[in-house]
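The values are calculated or read from the model by the stated rules, or taken from the named source; none is laboratory data. None of these values were measured; they are calculated from a predicted model. Every residue, glycine among them, receives a Cβ derived from its backbone with ideal geometry; neighbour counts consider all protein chains shown. Note: areas computed on protein heavy atoms with side chains; ligands, DNA, RNA excluded. Shrake-Rupley method; radii C 1.70, N 1.55, O 1.52, S 1.80 Å.
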Amino acid sequence: MKVLVDANVLIDYLTKREPFYEDAKKIISCCLFMVDGFIAPHSFVEIFYAMHERGKFSVEECREAILKLCAVFEVASENKTVILQAVKNIDFSDFEDSLQNECAISSETDCIVTRNAKDFKGSKIQIYSPEEFLKMMEKFIFNNSSQP
């Protein structure tokens, strides 16, 4: 399974933002061991900004966080075609969400995990909240575990 993780979930994890941190941590773990995790390229800018400008993280800490994300996640495809598709997608009023969606499509991911599912109503890709994604993963693990 290929999963695009929205920047808001990654920021929850990196900044230990409550009450979202534990679910974000579990999603990162899923991307380490069970699924192929993807991040849209523009999300790195958003993450860096949220950690440094709005948070209390040094530039070096932000760089280290980005390096760690790159060790876990693949970077979704984002090019001129993807940007044009996002601009033209009238199902989205927010350009950043549209761009996340188009990156997920171009990278052939199965779903997007975001805390802003309502902003992705126009998506043709399955959208999960962190809670929904983790419940789905629990069912998958339970159904595929060997019975004693």
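For this structure, a couple of remarks:
- Karplus 3J(HN,Hα) series, Hz, for the stretch 123-129 with 6.51 cos²θ - 1.76 cosθ + 1.60 (x for Gly, Pro): 6, 9, 9, 4, 10, 10, 6
- Measuring between alpha carbons in the structure, the pairs from 25/80; 25/56; 16/80 lying more than 29 angstrom apart are 25/80; 16/80.
- Derived scalar couplings between HN and Hα for the stretch 44-50 equal 4, 5, 4, 5, 4, 4, 5 Hz in order, rounded to whole Hz, by the Karplus curve 6.51 cos²θ - 1.76 cosθ + 1.60 (θ = phi - 60°), x for Gly and Pro.
- Converting the Cα gyration tensor eigenvalues of the stretch 58-144 into ellipsoid dimensions via √(5λ) gives semi-axes, longest first, of 23, 21, 13 Å.
- FRET efficiency, 1/(1 + (r/R0)^6) with R0 22 Å, evaluated for residue 36 and residue 141 via beta carbons: 0.85
- Net charge contributed by nearby residues that have their C-beta within less than 13 Å of residue 75 (K/R +1, D/E -1): -2
- The label point for residue 45 and the one for residue 118, both projected 7 Å from the Cα toward the Cβ, are 2.7 nm apart.
- Residue 17-residue 131 pseudo-label distance in nm [points 7 Å out on the Cα-to-Cβ vector]: 1.7 nm
- Cα gyration tensor shape of the chain, rounded if a/c is under 1.5, else prolate or oblate by comparing a/b with b/c: oblate
- With a cut-off of 9 Å between beta carbons, the residues surrounding residue 38 carry a summed charge of -1, where Lys and Arg count +1 and Asp and Glu -1.
- Taken per residue, the accessible surface of the stretch 38-92 reaches 64 Å², heavy atoms only and a 1.4 Å probe.
- Share of carbon and sulfur in the accessible heavy-atom surface of the stretch 1-117 [1.4 Å probe, %]: 53 percent
- Helix-derived mean residue ellipticity, 222 nm - over the chain, DSSP H n ≥ 4, -39500 (n - 2.57), to 500: -17500 deg cm²/dmol
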